[in-house]
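The block underneath contains the structure these notes are about, expressed in structure tokens.
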Amino acid sequence: MDRPAGRRDPHGDYGTPQKYDPTFKGPIYDRGCTDIICCVLLVVAIVGYVVVGVVAWTHGDPRKVIHPTDSRGQFCGQQGTPNEKKPFLFYFDIVKCASPLVLLEFQCPTTQICVSKCPDRYMTYLAAYGNAAALEYYRNFCSPEFKNPLKGPVEVLRDKECPAMLIPSTPLARRCFPAIQAKKGVIMVGNETTYDDGQGRRRNVTELLEGAKQANVVLEARQLAMKIFEDYTVSWYWIIIGLVIAMVASLIFIVLLRFLAGIMVWVMIVMVILVLGYGIFHCYMEYAKLKGEAGSDVSLTDLGFQTDLRVYLHLRQTWLAFREWPSFPGVGAVGHVMSSLLFPLCTFFLLCLCIAYWASTAVFLSTSNEAVYKVFNESACPFSGHTCKPETFNTSNVTKLCPDAQCLFAFYGGETAYHKYLIVLQFFNVFMFFWLANFVIALGQVTLAGAFASYYWAFKKPDDMPAFPLFSAFGRALRYHTGSLAFGSLVLAIVQVIRVTLEYLDHRLKAAENKFAKFLLSCLKCCFWCLEKFIKFLNRNAYIMIAIYGTNFCTSARNAFFLLMRNIIRVAVLDKVTDFLFFLGKLLIVGSVGILAFFFFTHRIKLVQDTAPPLNYYWVPILTVIVGSYLIAHGFFSVYGMCVDTLFLCFLEDLERNDGSAEKPYFMSQNLRKLLKKTNKGQPEAGVGKIRTVDDSALNPRGDDDDDEFVTVPVPPLGCDR
């Protein structure tokens, strides 16, 4: 029938609605391979990634990250070497060390040797030269080349065989740093404010502080990391127990949501209010208890960074921040495909493999450089900064033109093509991590979509369903649609790599004064964040169409997008309903398990007070349990969310394909037909009744309890974003 003149076709901009097809019975089994070129690209990229990993593992040496390196590029404390019993690195003149980057990554322009212990007293070589006992102690801090004790002190100091002075030092991250302390606001080293530099001059110890103060911050952070590691070693099994509790709670929640969705919504709202209420109350009590105590009113800004994080718990501002935070944020198909609840474990395992391969390859790449030696000179020298070889340096022309020049280990690098393109290989490593991680997630989504679509389009549920819908969908995805999954994950990976690059540039430009560049960078970050969210939404729905129809990625994305745009109101409403439901569930599980972990690890449960392990920082296992609980809850709810999205697209297609007549009956459940006031004409309603489906429970979470034992809401069933 022709449209009246002047009336716009509501579907004209978003394609044509689906037509009735008597042969369509759900996911198509007679399908072919899609996006073959992308499949080939993925295989080639994976082969190249394996080659990069093998090359990195061949050239890399992670010991360079663990052990400090002396001026000859030898590791301190490495077993099977002359430095096996010398774990600490000693600097001849630490005053020449200006920044932690020079100290920890490259080298200071001063000789460094491995020693068995750090010096514990002030001493100069000139003073020790006339004393046999003092000279014997001093030789522990001389270079291995120092063989002749009768050599004059002038020659020894000229040849840099021994340091001019020793300073009381303490080991930090296996490096000897001045034992700096402050007494009544006065900086001292070894109870002295000045020291003899070995050349007859008295110098202020603050000069030593300039060479080590920034490095101390970095090294104290390493100490903090070691304490955190110790906490993990004594609490790991309790953390696992907490995560198991979160997993069981998530599973119980999903099961109860299927049968008692309406009641569960109210239970979640009440429980979330109680959990957040207790958090606010506890923080307020701690805040009030510190009122009037000395030092409790110091601001976090004035206190600065402290490695002993328990100091912050004695500040009122800390508990004020904690108190305000919690108040800031304002299923039948699963029952028939129960194996879908365990499928996130497979996805999680594959993601762990991707992370492990990426991390190990990154470490080996960053440590696969060769030792590079350069000429260091305190005075002007034309060869300063040039590469050199320690074996032949003393006989070269450099020592004749620059008598005080030294050939010292500078950093790990190389002159080969492999070493020149290490940064490119690191970039490729990051890119492949994003691509493979997104591919694994896409594989999980299309597998779940195929299984749930098989359920929806089964007219007699569950009799018409395949025997193993999840495994069938998984096999179809790998056999026919690896290329399409690679296509979608490739597009997303490119955007994510661009976002990482923008974050890196933003970090580098923090100290810059160019406001226009900062503004432009902020705009780009915002635009690419929005683009990533849109691509994730588009990919998710495209994978559903791929699972059902077996079309290529672009066709599936277009059809899914047009289908959703033809039902945009339903999409928007159901999106908010399901997101709110899942948000409450995650919040309830994470909050409950987090509070339980807090009481346990802070020894506040009397029954198990002596069981909880002693910790340096009790927040370490607590935060681990909270983050792990969220990931577990997210994994379970992602299955439910994918179920809702898949069934919603199927529901929209059902409305477009069928009209409820005897020739074109609806596939939706009886309860959903009642809600929409639609019927299958010519068929008794009991024929499809008494079937538990997630269409009603997931799309309509109010809890009406009619003869289908399902829940409805007084709005049309609507879809969610994803």
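A few points about this structure:
- Pairwise FRET efficiency - ALA134 versus ALA380, Cβ, R0 = 41 Å, nearest 0.05: 0.70
- In sequence order, calculated HN-Hα J values of segment 440-453 (Karplus, 6.51, -1.76, 1.60; Hz; x Gly/Pro): 4, 5, 5, 4, x, 5, 5, 5, 5, 4, x, 5, 6, 5
- Förster radius 30 Å - calculated FRET efficiency between ILE28 and THR679 (Cβ-Cβ, nearest 0.05): 0.60
- Note on ASN397 and ARG508: with the Förster distance fixed at 51 Å, the Cβ-Cβ geometry gives a FRET efficiency of about 0.80.
- Residue ranking by accessible heavy-atom surface, 1.4 Å probe, largest first, among TRP457, TRP529 comes out as TRP529, TRP457.
- Proximity of backbone amide H atoms, modeled 1.01 Å from N, is registered between ARG175 and LEU89 at under 5 Å, excluding neighbours fewer than 5 places apart on the same chain.
- Members of LYS147/LYS374; LYS460/LYS664; LYS460/LYS681; LYS19/LYS664; LYS374/LYS400; LYS86/LYS389 lying beyond 19 Å, as alpha-carbon distances in this model show: LYS147/LYS374; LYS86/LYS389
- Here segment 576-647 is described by how far its Cα atoms reach on the three principal axes: 50, 18, 16 Å, from widest to narrowest.
The values are calculated or read from the model by the stated rules, or taken from the named source; none is laboratory data. Every value quoted in this text rests on a predicted model; they were computed, and no experiment measured them. Cβ coordinates were reconstructed from backbone atoms using ideal geometry, including for glycine residues, and neighbour counts include every protein chain displayed. Remember, those area values only see protein heavy atoms, side chains included, never the ligands or the DNA or RNA. Shrake-Rupley method; radii C 1.70, N 1.55, O 1.52, S 1.80 Å.
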